[in-house]
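See below for the structure under consideration.
The values are calculated or read from the model by the stated rules, or taken from the named source; none is laboratory data. These numbers were taken from a predicted model, which means no experiment stands behind them. Because the Cβ atoms are built from the backbone with ideal geometry, glycine has one as well, and the counts that use them run over all protein chains shown. Ligands, DNA and RNA are excluded from the accessible area calculation, which covers all protein heavy atoms including side chains. Shrake-Rupley method; radii C 1.70, N 1.55, O 1.52, S 1.80 Å.
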Amino acid sequence: MKGRTIAAVPMLALMLAACSGAAATPAPATQAAATEAPATAAPATEAPPANKLIGMSNQGATYPFPGAIGEGVKAKGAELGYNVVQTDAAFKTDKQTTDINDLIAQNPAAIIINPVDGTQAMGLVDNIVAANIPVFIVHGNVGPAGHPIEQIYKGVLLQITEDDVLAGANAGKIAIDNFPNGAKYAIIEGAAGFVEVELRAKGFDDALAASGKTFTKVASQPGDWVPDKGKIACQNMLQADP
């Protein structure tokens, strides 16, 4: 999938490099006047310690995929000497707003957002930028509904995401390879109401239609992106249409 080849671990290294690139250059030491050398040398001024706090607002840390992203960020952060504070929005937009406000108050070196809703996240990015904190997006696309993933929202320094239509099309190609004469099929979707679900289904359906073979969708049910609900949806669909 486009963009997915950059995993969460090297992602953090890229982000932290961007942060360090924006660090202020220490001011030069003040020179004493040539005519009046001080009796005792003034102690050297130490630079303030680097900010080693990274905030991450995860859309759903207890769900398999975003949870894995969060674990990768924390592991790489620890390796690079950063403390990653991760919040869990539990796929609730109001919770993510509260989480990000809390992270801004901690003044971290950067904030990573795994957005619940890309349109709602525009205001969140604006608030982070207004606080002069670098902001990065992972596994999501911030902006108006339907805008292209290549169009990065203003203020976002780095976005790492996937092309959901292409992901669906690749799944369709796998289906065609395994069923060259066509087949009946059912789909276990993600959570209802998320644009990713629609985009992936579009890519899948378009690939099947382009094959010229007869593929018939007999059912689709949400599995909410978790194994136990996906299993129940699968059992229900198989029972209704073996």
Please calculate the 1.4 Å probe accessible area of Lys217, with all protein chains present, and give it to the nearest 10 Å².
90 Å²
Nitroxide proxy distance, nm - points 7 Å out along Cα→Cβ at Thr214 and Thr93
4.3 nm
What's the FRET efficiency of Ala131 with Ala68 using the Cβ-Cβ distance as r and R₀ = 22 Å, to the nearest 0.05?
0.20
Taking the Cα centre of the range 139-240 as origin and charging only Cβ (+1 Lys, Arg; -1 Asp, Glu), how large is the dipole, in debye to the nearest 20?
280 debye
Distance in nm between pseudo-label sites at Asp206 and Cys234 (7 Å out along the Cβ direction from Cα)
2.8 nm
If you average the C-alpha positions of the range 120-160 and of the range 161-175 separately, how far apart do those two centres end up, in angstrom?
24 Å
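Just to make sure I understand: if all protein chains stay in place, what is the order of Leu208, Leu199 by accessible area at 1.4 Å, largest first?
Leu199, Leu208
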Any idea which of Val195, Val129, Val156 is furthest toward the positive side of the dipole for the range 102-216, if Lys and Arg beta-carbons carry +1 and Asp and Glu beta-carbons -1?
Val195
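Quick one: accessible area per residue over the range 118-160, 1.4 Å probe, rounded to a whole number of Å²? Intermediate values should be presented prior to the final figure.
On the way: 1910 Å² over 43 residues.
Averaged over the residues of the range 118-160, the accessible area is 44 Å².
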